[in-house]
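Following: one structure in structure tokens, then a few remarks.
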Amino acid sequence: MSFYLASNGNPPNEVPHSASAFAPSSTKEWSVATWVYQNRKPAGRGTSTLPFAEAAYFPLLASNRALGVIGLVTESARGLTLEQEGLLQTFLRQIAIALEREMLRATAEQSHALAESERLHKTLLNSISHELRTPLATITGASSSLIEGNTAEQRELRNVLVTDIYSAAQRLNRLVKNLLDMTRLESGLLKLNLEWCDAADLIHVVLSNLKEELAQRKIRFEPLNELPLVRMDFVLMERALANILLNAAQHTPAGSTIALRIAAAAQELAFVIEDEGPGFPSEALSRIFEKFYRLPNARAGGLGLGLSIAHGFVEAHGGTLVAENRLERGARFIIKLPLAPAPQTPEEVAT
Amino acid sequence: MIPPPTILIIDDEIQIRRFLRVSLEAAGYRTVEAATGEEGITQAAMSRPAFIILDLGLPDLNGLEVLKRIREWSRAPALVLSVQDAEQEKIAALDAGADDYVTKPFSVGELLARLRVANRHAQPAQDAPEFRNGHLRVDLVHRLVQANEQSIKLTATEYDLLLLFIRHAGKVLTHRQILREIWGPHAVEETQYLHIYMAQLRKKLELNPSQPQLFLTESGVGYRMALLEES
């Protein structure tokens, strides 16, 4: 037997399905199979149409449409008995029905995936254009006001406008950073630049880079005295932590505390970030690392990429990032990175 | 009257050149501009600038190539402009003889601070027997180190490391540059040495080791000793 299946409404090509026992021996033989598909009638050996073919070909019909062709070579020269013929027809019907079901399922899945990707695309366009337009509107408005010069006399007003332009530009810069990071993750070409790094130093760098954004929060960080070095890509881990902290800053009231801890176990190093905000609604906890996911009641601003980037960068290190609600109140993020035995450095005595 | 020092700006973006020109002239420098790498190399020869500001993302020549060609005959301090996520590019530029970098987008204050540091290093070295920076005092003759008026004992390697930072105070040093200087050319990949010694140095010399003010990490690139106000 040999099977030729149509795919997506296109006629079958002459490469038989992998379960087949033979392939058409010539173009002429293949044209018989094509004729059967097009005319939805049996042909070939033992039939009245093109009986000099090497095999008999039967269409697989379902809902009046051909789904494929089955070729059959019989051992005896006489062809099939009536009984065998009947049995064959039943098989053909069953195969066609099963095939049709399978094809319908695949089509449904495809259109679902398409709808999902269209939805993502739309969300992306909507939120990106919103996130781009808001700071652009600020920059255009404030700078045009400065150009028109009616604020020239009011020094204070000018300062306000210039400061607005500056912070709008920074917001755009953060957006570009996140889009670039997301692209790096999605491209599958993320290359880690692994080095032995000081975890406490990582936190210092992140905190000092976010000084402005975290100015309204109390930051608590007491590094342990003896921390093992951890092999990581410093820049990517910096982006991961920065995104978690920016998220905390966005969802917690001014004046509240954000606490950072580093804990070392035998096999892993954990960064723990705790805030005093409202925490997450329980149904959101499983979704916050999805890209473009935003809490239902989230304030405007933000693409919903930050936590998903953090998650991606930590996983690229072979680590884990989880979020939970604290018993007291607020959210807790835990990053765990695998620890490898750190190399030794030579001992020295201070003089 | 001494003429103001000339800065050569090599950048293909006219808006960037314009805001650099306006800000640098307001700060008392004279400026010359080039929009391409080739033009930049010619201008570097013709106008003999005191400093060069070079964008690494030029349309005609790779900025790194421009830097190397200028470095064949000129020691004028060069500050490169780079972008986020281009750490390897920054490291390559620093190793090829750039004196420092700023990441776009940057503020004018940041740029001027880098230029002041480059200016300091361009002056012939003063053989001062003592180095002071904020709460740090180092008696270079007797190899005595004080932080916040307290005598500090350093190991030989820690002291060598400190000396390297003192010689390049305010400038960024790449991991490789430090490793080569302190541990030798065979150790340029051994970054763990460096991070351990930096942690020790911070513990001994920073006022608050959990918020380093003196030894700053330049993410993915290296370290820098900040120039602090007198305390």
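The values are calculated or read from the model by the stated rules, or taken from the named source; none is laboratory data. This one's a predicted model, so the numbers in the text were calculated from it and none came from an experiment. Cβ: placed from backbone, ideal geometry, glycine included. Neighbour counts: every protein chain shown.
Quick notes on this structure:
- Among residues of region A:236-259, those that are of a type in the set (A, V, I, L, M), crowded, with 21+ Cβ neighbours inside 10 Å and either within 14 Å of chain B (Cβ to nearest Cβ) or farther than 17 Å from residue A:222 by Cα (or both), counted: 7
Residue-by-condition table, conditions (1) under 26 Å from residue A:191 (Cβ atoms); (2) charged (D, E, K, R); (3) within 14 Å of chain A (Cβ to nearest Cβ); (4) surrounded by fewer than 19 Cβ atoms within 10 Å (Cβ to Cβ):
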{"site": "B:17", "(1), (2), (3), (4)": "no, yes, no, no"}
{"site": "B:28", "(1), (2), (3), (4)": "no, no, no, yes"}
{"site": "B:57", "(1), (2), (3), (4)": "yes, no, no, yes"}
{"site": "B:66", "(1), (2), (3), (4)": "no, no, no, no"}
{"site": "B:80", "(1), (2), (3), (4)": "yes, no, no, no"}
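- Per the listing B:149, B:130, B:110, the residue uniquely away from chain A (no Cβ under 12 Å), of a type in the set (D, E, K, R) and at positive phi is B:149.
- Test: residue A:205 is among the β-branched types (Val, Ile, Thr), within 12 Å of chain B (Cβ to nearest Cβ) and either part of a loop (DSSP other than H, G, I, E, B) or under 20 Å from residue B:202 (Cα atoms) (or both): yes
- Here residue B:208 fulfils each of the conditions (1) surrounded by 14 or more Cβ atoms within 10 Å (Cβ to Cβ); (2) within 14 Å of chain A (Cβ to nearest Cβ) apart from (1).
- Residue A:231 being within 12 Å of another protein chain (Cβ to nearest Cβ), at pLDDT 90 or above and not in a helix (DSSP H, G or I): yes
- Of all residues in region B:114-161, those satisfying the criterion of being under 16 Å from residue B:5 (Cβ atoms) and either without any contact (Cβ under 8 Å) to a residue 60 or more places away in the chain or surrounded by fewer than 13 Cβ atoms within 10 Å (Cβ to Cβ) (or both) are B:114, B:116, B:120, B:121, B:123, B:124.
- If the condition is being touching a helix residue (DSSP H, G or I) at 6+ places or on another chain (Cβ under 9 Å), in a helix (DSSP H, G or I), under 18 Å from residue B:153 (Cβ atoms) and free of Cβ contacts under 8 Å to residues at least 12 places away in the same chain, then region B:192-217 contributes only B:199.
- Residue B:178 meets each of the listed conditions (1) among the hydrophobic types (A, V, I, L, M, F, W, C); (2) within 17 Å of residue B:204 (Cα to Cα); (3) assigned to a helix (DSSP H, G or I); (4) within 14 Å of chain A (Cβ to nearest Cβ) apart from (2).
- Residue A:198 vs. criteria surrounded by 12 or more Cβ atoms within 10 Å (Cβ to Cβ), among the acidic types (Asp, Glu), within 30 Å of residue B:196 (Cα to Cα) and modelled with pLDDT of 85 or more: yes
- The lone criterion from (1) at pLDDT 90 or above; (2) under 22 Å from the mean Cα position of the chain (by Cα) left unmet by residue A:220 is number (2).
- Residue among B:130, B:189, B:181 that alone is modelled with pLDDT under 90 and not aliphatic (A, V, I, L, M): B:189
- Number of the exception - residue B:74 against (1) crowded, with 19+ Cβ neighbours inside 10 Å; (2) hydroxyl-bearing (Ser, Thr, Tyr); (3) part of a loop (DSSP other than H, G, I, E, B): (1)
- Selection status of residue A:141, of a type outside the set (D, E, K, R) and loosely packed, with under 11 Cβ neighbours inside 10 Å: no
- Any hit, region A:267-274, residues being surrounded by fewer than 19 Cβ atoms within 10 Å (Cβ to Cβ) and on the phi > 0 side of the Ramachandran plot: no
- Only one entry of A:179, A:185 meets the criterion of being more than 17 Å from residue A:315 (Cβ to Cβ), away from chain B (no Cβ under 11 Å) and modelled with pLDDT under 90, and that entry is A:179.
- Scanning region A:1-31 for residues that are of a type in the set (A, V, I, L, M, F, W, C) and touching a strand residue (DSSP E or B) at 6+ places or on another chain (Cβ under 7 Å) returns A:1, A:3, A:5, A:6, A:19, A:21, A:22, A:23.
- Test: residue in region B:103-124 that is assigned to a strand (DSSP E or B), of a type outside the set (Lys, Arg), over 14 Å from the mean Cα position of the chain (by Cα) and closer than 18 Å to residue A:235 by Cα: no
- Some residue of region A:292-309 being of a type in the set (Lys, Arg), at pLDDT below 85, more than 24 Å from residue A:185 (Cα to Cα) and assigned to a loop (DSSP other than H, G, I, E, B): yes
- Single condition residue A:226 does not satisfy, out of (1) under 22 Å from residue B:208 (Cα atoms); (2) buried (at least 20 other Cβ atoms within 10 Å of the Cβ); (3) within 11 Å of chain B (Cβ to nearest Cβ): (2)
- Flag if residue B:200 is more than 9 Å from every other protein chain (Cβ to nearest Cβ) and not aliphatic (A, V, I, L, M): yes
- Of all residues making up region A:144-168, the number that are of a type in the set (A, V, I, L, M, F, W, C) and surrounded by fewer than 15 Cβ atoms within 10 Å (Cβ to Cβ): 5
- The criterion of being at the interface with chain A (Cβ under 9 Å from one of its Cβ atoms), under 28 Å from residue A:225 (Cα atoms) and modelled with pLDDT of 95 or more holds for residue B:159.
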